[in-house]
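Shown next, in structure tokens, is the structure this report addresses.
The values are calculated or read from the model by the stated rules, or taken from the named source; none is laboratory data. Quick caveat, the model's predicted, so the values are computed rather than measured. Cβ: placed from backbone, ideal geometry, glycine included. Neighbour counts: every protein chain shown.
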Amino acid sequence: MRFLTLPLFIFFSLASTAQCVTFKLTSKRDTINCTDKNGLKQGRWKVEMPPLRGERGYEEEGLFINGKKEGTWRKFNLMGDLLAVENYKWGLKDGQCRYYTIAGLEREEGWRAVNPAKQFDTIEVQDVIDPNKNEMVIIKTSGNALKHGRWRFFYPMTGELIKTEHWFLDQIVEPGKEPGNPEKGGKKADSTSVKKDTSSVKTKPKEVLDFEKKNSGKKKVQVRDGRTGG
């Protein structure tokens, strides 16, 4: 059976390579850096950026689908140290992204990708405070990822948390006060700001008030209402 799997593996590898106009082979004979006939990057890629104009060089690895980053991407400096772990959807940041220095974790970011192919999109978003709550939101797309969720900043040397921010669809908010949520976003009205509606309060006739005053404190007052019988 193992002899049958080898030709199948070679067949699918050759079929994948045949779709690439340009590509590279790793030391393990894996195909990377594939560009299709339309000039779009496809599959696994290793991108190398040399130092330029004072900017440090880096390498990043991840997946391309139709020329756009997809899934988890990792970035390293030229010494091999991890600089970032980013998540993408439609070529935009989506979900949690982490950034590092040589000393350790520096910050965590939260992002929400919106389909750039649509002018408006309806997305299900997770509550930035309660992950068990979700709501559907209609937004206008701008072609950019939206800051969404918790952002945390650390002191890399010790891992100490320095600051925490909460974002809801590109708007910074206080915890529990997401935009569009009337129960969380606004202040509760106090008694001095609420006007009582006196138009619905009925005024008792003078005769009734006199009767109630005369019989106040008595256990039971028999009132004749015109009915007869037991």
Report summary line: GLY80 meets each of (1) surrounded by fewer than 18 Cβ atoms within 10 Å (Cβ to Cβ); (2) in contact with a Ser or Thr (Cβ under 6 Å, 6 or more places away or on another chain); (3) more than 28 Å from ARG150 (Cβ to Cβ) with one exception, condition (2)
Query raised in the report: Among the residues of region 84-142, how many are aliphatic (A, V, I, L, M), under 13 Å from the mean Cα position of the chain (by Cα), within 30 Å of PRO156 (Cβ to Cβ) and exposed (fewer than 15 other Cβ atoms within 10 Å of the Cβ)?
Result: 0
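Name the one entry in GLY149, GLY176 that is at pLDDT below 90 and either loosely packed, with under 15 Cβ neighbours inside 10 Å or under 17 Å from the mean Cα position of the chain (by Cα) (or both).
Among GLY149, GLY176, only GLY176 is at pLDDT below 90 and either loosely packed, with under 15 Cβ neighbours inside 10 Å or under 17 Å from the mean Cα position of the chain (by Cα) (or both).
Residues are listed down the side, and each one gets a yes or a no for (1) in contact with an Asp or Glu (Cβ under 8 Å, 6 or more places away or on another chain); (2) modelled with pLDDT under 95; (3) part of a strand (DSSP E or B):
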site	(1), (2), (3)
PHE3	no, yes, no
LEU6	no, yes, no
PHE12	no, yes, no
THR17	no, yes, no
ARG29	no, yes, no
ASN38	no, no, no
GLU59	yes, no, yes
ARG74	yes, no, yes
GLU86	no, no, yes
Requested in this report: Would you check which residues across region 21-74 are of a type in the set (Gly, Ala, Ser) and loosely packed, with under 11 Cβ neighbours inside 10 Å and list them?
Outcome: SER27, GLY39, GLY54
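Is one or more of the residues making up region 130-143 out of contact with any Cys (no Cβ under 8 Å at 6 or more places or on another chain), part of a loop (DSSP other than H, G, I, E, B), at positive phi and not assigned by TED's automatic domain parsing to the domain that holds GLU60?
Residues of region 130-143 that are out of contact with any Cys (no Cβ under 8 Å at 6 or more places or on another chain), as a first pass: 130-143.
After this cut, where a residue has to be part of a loop (DSSP other than H, G, I, E, B) as well, the list is 130-133, 141-143.
So of that shortlist, the ones also at positive phi come out as 143.
Subsequent filtering for residues that are not assigned by TED's automatic domain parsing to the domain that holds GLU60 retains 143.
Yes, region 130-143 contains a residue that is out of contact with any Cys (no Cβ under 8 Å at 6 or more places or on another chain), part of a loop (DSSP other than H, G, I, E, B), at positive phi and not assigned by TED's automatic domain parsing to the domain that holds GLU60.
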Query raised in the report: Does PRO116 satisfy being part of a loop (DSSP other than H, G, I, E, B), touching a Leu at 6+ places or on another chain (Cβ under 9 Å) and modelled with pLDDT under 95?
Result: yes
Report task. Can you run down the residue pairs with Cβ atoms below 7 Å, 6 or more apart or on separate chains, where the first is in region 84-99 and closer than 21 Å to ASN66 by Cα and the partner is crowded, with 19+ Cβ neighbours inside 10 Å and of a type in the set (Asp, Glu)? Result -> ASN87/ASP94; TYR88/ASP94; LYS93/GLU86
